Every structure is written in C-alpha cells, then in structure tokens.
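Report on the structure given below.
Read the figures in this text as sums done on the coordinates, not as results from a lab. As the structure is a computational prediction, the values presented were derived from the model and not from experiment. Positions of Cβ are backbone-derived with ideal geometry, glycine not excepted, and every protein chain shown enters the neighbour counts.
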Amino acid sequence: MHASTEPSTTSIPSLTHDLIGVGFGPSNLALAIALEEHGGQGPGITRFLFLEKQPEFTWHGNMLLSNSRMQIAYLKDLATLRNPRSHFTFINYLHEKARLSAFINLQSHYPTRREYNDYLRWAAAHFQGQCAYGETVTGIEPVLERDHVVALQILSRDGDGQTHARRARNVILGAGGTPHIPPAFAPLHTTGHTRLFHSSQYLARVAALSDTPPRRVAVVGGGQSAAEIFLDLAEQWPQAQVDLIMRGRALKPADSSPFVNEIFDPQFTDFIYAQPVEQRMRILDEFRNTNYAVVDDDLIARIYDVLYQQRVGGHGHHALLCCHDIQEVHASGEQIRLHMHERLSGRTATQPYDVVVLATGYERRTHEHLLAAVQPWLDGLEGERDYRLRTHARFLPGIYLQGYCEPTHGLSDTLLSILATRSAEISASLLAREPAWTASSPQASRVAALAG
Ligand SMILES: Cc1cc2nc3c(=O)[nH]c(=O)nc-3n(C[C@H](O)[C@H](O)[C@H](O)COP(=O)(O)OP(=O)(O)OC[C@H]3O[C@@H](n4cnc5c(N)ncnc54)[C@H](O)[C@@H]3O)c2cc1C
C-alpha cells in the first residue's frame with residue numbers, strides 16, 4: 001500500500017541531520033538545551049537544526065503588553081526541573097544580567113512576560129548556529145528506498161520565496177497553535193480587513209493604526225488575552241469606547257490553587273496517560289478552568305474597578321457585554337458591524353465598530369497539515385508516552401510532537417509547565433533509538449548511501 005509514493009527526485013543533500021525541529025519556541029528551545037547538555041555525557045544527537053518562521057526569537061511578541069505577567073512560577077523554566085544546575089535556568093539568567101538580588105526583592109514568583117521573553121531570547125542566542133530563522137516549514141515528505149522510508153525530507157520557504165529541502169532521521173514538531181477565527185468572522189478575516197485582527201497580531205496592528213485612532217473597539221473573548229487587551233486599550237487609545245463581548249455570563253477566575261496546580265506537575269503526565277480515554281476526557285474537562293476561558297484574579301479585580309469607577313463618575317468608555325452571541329459580521333466601509341443576540345433578554349442588536357480584536361484562542365492542527373504526506377505510514381496522530389508517533393514497520397525515522405498531545409498527556413502539554421521534563425523524556429527516547437542507526441544496521445547503511 002505504501003509503495004504508491006515515489007522516492008523523492010530532489011537532489012540528495014550532503015547532510016542528513018539527526019534531528020530537525022519545526023518551530024523554535026520555548027518547547028524546542030528546551031529540547032535544544034537538553035540535547036546539548038546530554039552531549040557532554042557521551043555520544044548524542046549532535047547534528048540538530050531547528051527551522052523557525054520568525055526572523056528572530058520572540059515569544060508571543062504581539063502580546064508582550066506592558067505589565068502582563070507570567071502565569072507560571074519562574075522555577076518552571078527551560079531547565080530547572082530537569083537539571084537545576086543547568087546554565088539555562090532563569091536564576092542563572094538573572095545572575096548573568098546582575099539582577100538576582102533585585103529580583104528576590106520583588107518577592108514574586110511571576111516575572112513580567114517581557115522579562116521572560118528576554119530570558120528565552122538569552123537562552124535561544126546560544127543556539128544561533130542551530131536554528132535557521134525566517135524559514136517556514138511547508139511540508140514533510142518520506143524519503144523512500146526499497147519499500148522503506150529511510151529518512152524524512154523537510155521542505156521550507158524563506159523570506160525571499162526560496163524553497164529549501166533538508167533531510168533528517170528524526171523530526172520534532174513544536175510549531176505551537178494557529179489563531180482560532182470563529183466562523184462568523186472567517187469570511188471578513190480572509191479578505192484581510194485591516195481593522196479586524198486576532199490577538200496574536202495585537203501590538204503590531206494597533207501600532208499600524210496609530211495615525212487613525214478608532215472611536216469604538218470590540219474585543220471578542222472571555223479569557224486572559226481578551227481581558228489583558230481590554231485593559232491595555234485604555235492606554236493605547238484612551239479616547240476610545242471599548243466593549244468586551246463574551247458568550248459567558250461573567251469573567252471567571254483561573255484556578256491556580258496549590259492542589260489543583262498539581263495537575264501541571266511532571267508526574268501527573270504519567271497518571272493521565274495511563275487512564276482510559278473516557279477518564280482522561282473527564283479529567284481534562286474537570287480542570288479546564290485552569291487554562292481555558294479564564295482570567296487571573298488580579299486582572300478581574302482591575303477590570304471590575306475600572307467599571308466601578310465609571311459608575312462613580314457617571315460616565316465611561318468601557319463596557320462588558322456578557323451572554324452575547326455574535327451571529328453575523330458585515331463590513332460597511334471601514335466599519336465592522338456586529339449583529340448580536342443577547343441571551344438573557346432575547347434581544348438582538350447591531351453595533352458598528354471601527355476595530356474588532358479577536359481574542360478567541362488557538363487551534364492545534366499544524367501537525368496534521370505538515371504530516372499529510374507521511375500519514376499513510378502513521379498509526380494515527382496520537383503521541384506515545386515519549387511523544388513519538390507510532391509508525392509502520394517499514395518507516396524508520398522518528399516523528400515527535402511537542403504541544404499536540406493534550407488529549408493524551410494532559411493540560412500541561414500546550415503550556416510551559418513541563419518543558420524541562422518533557423525535553424528530558426524526548427531526548428532520552430531519541431538517544432534510546434540511536435542503536436538502531438549504528439553503523440552495522442541496515443537503516444544506517446541506507447541513510448549513509450543517501451547522504452553520499
Ligand atoms: C499571550 C500568551 C501568553 C501565554 N502565557 C503563558 C504562561 O504564562 N504560562 C504558560 O505555561 N503558558 C503560556 N502560554 C501558552 C503557550 O502555548 C506557551 O507559553 C508556549 O508558547 C508554548 O511553546 P511552544 O514552543 O510549544 O509554542 P510557541 O511558543 O507557539 O512556538 C512555536 C514556534 O513555531 C513557529 N512556527 C509555527 N509554524 C511554523 C512553521 N510552519 N515553520 C517554522 N516555524 C513555525 C512559531 O513562529 C513559533 O515561534 C501563553 C500563550 C499566549 C498566546
């Protein structure tokens with residue numbers, strides 16, 4: 001059945017990498033660190049390369065709002081839980097930046113997102129030679145030889161439109177999510193309307209509109225990003241009227257209490273992975289309020305205060321429209337008209353806005369698109385405990401996932417909590433499979449032949 005895919009005809013590159021990573025966000029950065037630190041302990045995965053579409057390392061750059069803080073304690077950094085003595089801990093970053101004492105004086109476990117981005121950039125700078133920035137991976141293809149898939153070909157496109165093809169024995173996908181655009185907004189969003197954008201573009205789009213500040217803005221969503229943007233707009237466009245439009249009845253707090261937080265402990269991954277499917281689903285559902293459609297306590301208090309002070313003054317620009325379903329969206333000149341149904345009263349209304357920001361979350365489906373050409377050799381898209389996809393016997397390379405295993409590995413999978421331990425597990429798995437590629441193995445001779 002698999003012989004239908006012809007061996008690739010592109011020229012054989014001189015190097016077959018041990019590992020190519022798609023995306024260089026925190027997940028793959030943590031893995032790069034784990035692999036490098038293993039390198040000092042004997043033979044390892046040394047020929048690794050990450051392909052990152054952004055021109056330089058940035059962690060959710062368009063959401064680095066002033067005063068936005070981490071939702072995770074700094075000790076859950078890139079390395080501490082795996083190796084507290086690592087060069088790449090947040091504490092060592094502070095030490096190198098001569099801010100360790102000052103940070104202690106802050107008495108907070110939660111740095112600002114801007115500081116954490118600086119920490120991640122500091123760590124990423126160490127891997128400048130192992131990351132090709134400005135390249136978007138467009139596909140992953142099988143390299144066939146005598147009925148066996150012996151390697152993977154990773155195709156990418158750079159900023160000049162040039163296509164690159166590289167080969168690897170292992171691939172790891174850590175490309176994060178893609179913006180979720182609700183169906184009612186999809187047609188207008190596809191036309192590239194300049195005044196309708198997702199939170200992932202927030203700061204850049206607001207800056208582009210600085211010459212023509214809007215009078216009425218809608219922020220759609222009821223989660224952390226929606227709440228942050230709602231408050232930030234007061235700074236960015238102080239004269240604007242801002243409506244936060246959400247389906248829920250109220251902004252709800254994120255549960256970050258200690259017992260609940262144990263679901264983000266590394267050992268919880270073993271527990272949830274071992275459960276039957278229905279039980280896993282039940283657990284995910286039970287703890288959704290740790291991460292989805294919820295807002296940090298202090299932010300809720302600040303928003304409530306803003307709305308209360310408006311009432312004291314008798315006027316104000318901000319409103320929270322809860323229980324609102326947006327049913328239709330129309331462009332009218334530069335304006336965007338939202339047709340809404342208010343569930344409590346049953347009333348409908350159409351409101352015009354100059355700008356609409358969609359803080360509507362992310363989808364995690366990039367792996368499905370990128371792996372389409374190798375799907376016939378895969379036994380589904382569910383990662384095993386070591387995050388590797390199950391493949392058919394004649395498929396020799398390893399494919400690993402970071403951030404696409406929430407249904408099997410739990411709510412920490414898309415977050416930063418388990419980066420350090422997950423990267424240890426993945427590098428251990430990669431290394432354990434190395435003997436299969438040693439000089440005497442048939443796989444190795446095939447790869448060697450390909451590599452010329
Ligand atoms: C605003 C915001 C704040 C957050 N704050 C927290 C927090 O405080 N704590 C927490 O635990 N989690 C937080 N999260 C969750 C977030 O998922 C993680 O923080 C983290 O970003 C996950 O890292 P990642 O490397 O898996 O994915 P990402 O950070 O999304 O990185 C993926 C990388 O892949 C690149 N990429 C995508 N497609 C391609 C392609 N085809 N080719 C090449 N490169 C590609 C992207 O440019 C990106 O750099 C936050 C999320 C957002 C949006």
Label Gln71 and Ser332 with points 7 Å out from Cα along Cα→Cβ: what is the distance between them in nm? 3.5
Taking R0 as 45 Å and r as the Cβ-Cβ distance between Leu381 and Tyr308, the FRET efficiency 1/(1 + (r/R0)^6), rounded to the nearest 0.05, comes to 0.40
Qualifying lysines (Cα of each under 20 Å from Cα of Lys97; at least 8 residues distant if same chain): Lys76
Have a look at Phe103, Leu173, Val217 and report the one farthest towards the positive end of the charge dipole of the stretch 100-257, computed about the Cα centre with Cβ charges (Lys/Arg +1, Asp/Glu -1). Val217
Take peptides 234-246, 112-124 and line them up by average Cβ neighbours within 10 Å, highest first, as a rough protection proxy. 112-124, 234-246
Name the residues whose placed amide hydrogens come within less than 5 Å of the amide hydrogen of His180, ignoring near sequence neighbours (fewer than 5 apart) on the same chain. Gly361, Tyr362, Glu363
Tell me, what HN-Hα J-couplings in whole Hz come from the Karplus equation 6.51 cos²θ - 1.76 cosθ + 1.60 at θ = phi - 60° for each residue of the stretch 376-383, using x for Gly and Pro? x, 9, 9, 9, x, 10, 8, x
For Met281, project a label point 7 Å along Cα to C-beta. Then give me every residue of the stretch 373-417 with its amide nitrogen under 13 Å of that point. 407-408
Take peptides 163-173, 95-105 and line them up by average Cβ neighbours within 10 Å, highest first, as a rough protection proxy. 163-173, 95-105
If you take every DSSP beta bridge fully contained in the chain, what fraction is antiparallel? Give it as a percent rounded to 5. 50
Rounded to two decimals, the Debye log10 I(q)/I(0) of the stretch 273-341 (Cα scatterers, no solvent) at q = 0.17, 0.26 Å⁻¹ is -0.91, -1.07
Computed over the stretch 252-386, the Cα gyration tensor eigenvalues, each multiplied by 5 and square-rooted, give semi-axes in Å (largest first) of 39, 25, 14
Going through the DSSP H helices of the chain, which span 30 Å or more along their own axis at the Cα atoms while scoring at least -1.0 as a mean Kyte-Doolittle hydropathy? none
Distribution of pairwise C-alpha distances over the chain, 20 Å bins, in %: 22, 52, 24, 2, 0
Let's see if you can work this out: charge +1 on each Lys and Arg Cβ, -1 on each Asp and Glu Cβ, no other charges. What is the dipole magnitude of the chain about its Cα centre, in debye to the nearest 20? 160
Taking a crude spin-label model, label points 7 Å out from Cα along the C-beta direction, the Cys323 to Thr212 distance in nm is 3.7
Given points 7 Å out from each Cα along the Cα-Cβ axis, report the Leu431 to Thr191 separation in nanometres with one decimal. 5.6
Apply 1/(1 + (r/R0)^6) to the Cβ-Cβ distance of Asp270 and Arg390, taking R0 = 22 Å, and write down the FRET efficiency to the nearest 0.05. 0.75
For the chain, what is the calculated [θ] at 222 nm in deg cm²/dmol (nearest 500), taking -39500 (n - 2.57) for each run of four or more DSSP H residues and dividing by its residue count? -8500 deg cm²/dmol
